[in-house]
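The values are calculated or read from the model by the stated rules, or taken from the named source; none is laboratory data. These numbers come from a predicted model, not from an experiment. In this analysis, Cβ positions are derived from the backbone assuming ideal geometry, glycine residues included, and neighbour counts consider all displayed protein chains.
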Amino acid sequence: MFGSVPPPTPEVRGSAFLRQCLPRIADPLELNPTQLEVVTAPFGPILVIAGAGSGKTKVLARRAAWY
């Protein structure tokens, strides 16, 4: 089931267009710089460790939407 959708290609993830649009996309997400780094990290497994109320669920939801 999870393997049926291929990840975005490097050309899409690393495109100049995406980098140009990132500030406009990221602002509405209400993420701090560290959270934004997690959301936009390269496709693949990621471990998020943070305290209660730090926004882990928000970050992981935004990451899922990002890809």
Checked Pro33, Pro45, Pro8 against criteria (modelled with pLDDT under 70 and within 14 Å of the chain's Cα centre (by Cα)); the one match is Pro8
So which pairs qualify, if the first residue must be in the range 39-67 and farther than 17 Å from Cys21 by Cα, the second must be assigned to a loop (DSSP other than H, G, I, E, B) and of a type in the set (Ser, Thr, Tyr), the Cβ gap must be under 7 Å, and the two must be at least 6 apart or on different chains?
Phe43/Tyr67
